Amino acid sequence: MARTVQCVKLNKEAEGLKFAPYPGELGRRIFENVSQEAWKMWLAHQTMLINEYRLTPIEPKARKFLEEEMEKFFFGQGSEKPKEYIAPKE
């Protein structure tokens, strides 16, 4: 039986993650409070941030920025898209 969580992002009970997706305290909070569906939303948002800001995730400054955005995305007011961002046409 799948583990469920009360997802802080989607504000509903949903299937939880199978393991902590990030190290440390933030990873534990995500594991306990974020659903698989919301995590997939973050991965898409993170990819957009990396591409738009031309980040190199192995650089400490970029990792710190992404961690701060992840915190805001799940537990704060949300992570904003860059002002210049134009969504791709489907």
Top-ranked residue of the stretch 53-90 - restricted to ones that are among the aromatic types (Phe, Trp, Tyr) and more than 18 Å from residue 21 (Cα to Cα), ranked as modelled with the lowest pLDDT: 85
Every pair of residues 6+ apart whose Cβ atoms lie under 9 Å, when the first sits in the stretch 10-28 and is of a type in the set (Lys, Arg) while the second is assigned to a strand (DSSP E or B): 12/6; 12/35
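The values are calculated or read from the model by the stated rules, or taken from the named source; none is laboratory data. All of these numbers come straight from a predicted model, not from anything done at the bench. Neighbour counts are summed over all protein chains in view; Cβ atoms, including those assigned to glycine, are modelled from backbone coordinates with ideal geometry.
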